[in-house]
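The structure under discussion appears below in the form of structure tokens.
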Amino acid sequence: DVDFWDAKGQTPLFPRIFGHEASGIVESVGEGVEGLEVGDHVLPVFTGECGDCAHCKFEESNMCDLLRINTDRGVMLSDGKTRFSINGTPINHFLGTSTFSEYTVIHSGCLAKTNPLAPLDIVCILSCGISTGLGATLNVAKPKKGSSVAIFGLGAVGLAAAEGARICGASRIIGVDRNPKRFEEAKKFGVNEFVNPKDHDKPVQEVIAEMTNGGADRSIECTGYINAMISAFECVHDGWGVAVLVGVPNKDAVFMTKPINVLNERTLKGTFFGNYKPRTDLPLVVEMYMSKKLEVEKFITHRVPFSEINKAFDYMTKGEGLRCIVSMEE
């Protein structure tokens, strides 16, 4: 949200209501909407699942043609108009969600109906970053039990990827980050070895290859920095290594590696929202939490009332927390 608020490298569109990671309760349902009723507990998602396009019908894709993320659109798809205004002046939507609001209007294809027993003030963080990192491991990297996994970037998304590696039974989860202050917190998520690239006079991929007798079995890149992406690919073992890119780079960044790294049977994959189809798969992620297979509370480091939302932004920009819950009810 801050990237678009600052409009650095993004298309400025103001005024608009930000917010895209949330939970809520359906207050009313528009004409023609199926599968949702007043009172349903839902997770709004910045991307959607129309159920009808080629991507939605293809089992391995979650890149819905109709509802795929659109950072420039500030209106509803049905009529090209906004549902927010002040004194008659339209206010734009953001990512189809605009959740920094007591009430919002969302396309039904961008709402995942969840277990009503799941606490909304906890599972709300599954609607974006945590699911992205978790799915990158569970759905795309798919490490085997006892394998080694290198995680580049130990923010919330990277730690969610580590949580996925823990669930898969990886024996070595190697955290790579330039901020050593993150290492202690990462131990809660199963990370048991750490590498700070600044501590070495050689490329970090070479450090990891030496640590793992030739390379990690899997790697997951969660920073968006192109050099980290290249390192994540080149650090996996030849013959079977798989690297998964999660972080979003600058649109002009170029990925460069020697073709022999691919010919030697390393695999490079990318993922969007952890390869989860929002309406189909997010309810299952919530059930992972409800069955205690997935630990979610440890991602929540702060809570503030909506009137103090700027504190939440301060925690984030200063790197002082993982997820801060903003409550509309206080």
key: region 245-279: trypsin sites (Lys or Arg not before Pro) in DSSP coil with no more than 12 other Cβ atoms inside 10 Å   = 251
note = Residue-normalised value, i.e. accessible area per residue, for region 1-127 at 1.4 Å probe, in Å², stands at 54
remark   = What the 10 Å binned alpha carbon P(r) of region 129-275 shows, as percent of pairs per bin from 0, is 13, 49, 34, 4
note = For residue 113, the lysines lying under 16 Å Cα to Cα, once residues fewer than eight places off in the same chain are dropped, come out as 277
task = Please pull out the direction-averaged projected area of region 1-127, using the convex hull of its alpha-carbon atoms, in nm² to one decimal place.
result = 8.8
ask   = Which value, in Å² and to the nearest 10, is the accessible area of residue 46 when all protein chains are kept and the probe is 1.4 Å?
value = 20
task = Determine how large the accessible area of residue 328 is when every protein chain is in place; take a 1.4 Å probe and give Å² rounded to the nearest 10.
result = 70
Sites residue 61 and residue 36, calculated FRET efficiency, Cβ-Cβ separation with R0 25 Å, nearest 0.05 = 0.60
task = Would you mind counting up the charge near residue 66? Only other residues with Cβ under 14 Å from its Cβ, with Lys and Arg at +1 and Asp and Glu at -1.
result = +2
query = So for 2, 42, what's the accessible-area order with a 1.4 Å probe, most first?
reply = 2, 42
query = Percent relative contact order of the chain, based on C-alpha pairs within less than 8 angstrom and at least six residues apart?
reply = 16
remark   = Percent antiparallel among DSSP beta bridges confined to the chain, rounded to 5, stands at 25
task = Grab the beta carbon distance between residue 29 and residue 308, set R0 = 22 Å, and tell me the FRET efficiency rounded to 0.05.
result = 0.10
ask   = For residue 5 and residue 201, what does the FRET efficiency come to when R0 = 30 Å and r is the distance between their Cβ atoms, rounded to the nearest 0.05?
value = 0.20
key: Residue of 262, 304, 38 that the Gaussian network model of the chain assigns the largest fluctuation, springs spanning Cα pairs under 10 Å   = 38
note = The simple spin-label model distance between residue 284 and residue 256, using points 7 Å out along Cα→Cβ, in nm, is 4.1
query = Taking a threshold of 32 Å on the Cα-Cα distance, which of the pairs 144/258; 187/258; 269/292; 251/311; 81/293; 202/292 fall above it?
reply = 187/258; 81/293; 202/292
task = For region 235-313 and region 71-132, compute the distance between their C-alpha centroids and round to whole Å.
result = 21
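The values are calculated or read from the model by the stated rules, or taken from the named source; none is laboratory data. What you see is a predicted model; the values in this text were computed from it and never measured. Cβ atoms come from the backbone with ideal geometry, glycine included; neighbour counts cover every protein chain shown. Quick note on the areas: whole protein, heavy atoms, side chains included, nothing else; ligands and nucleic acids left out. Shrake-Rupley method; radii C 1.70, N 1.55, O 1.52, S 1.80 Å.
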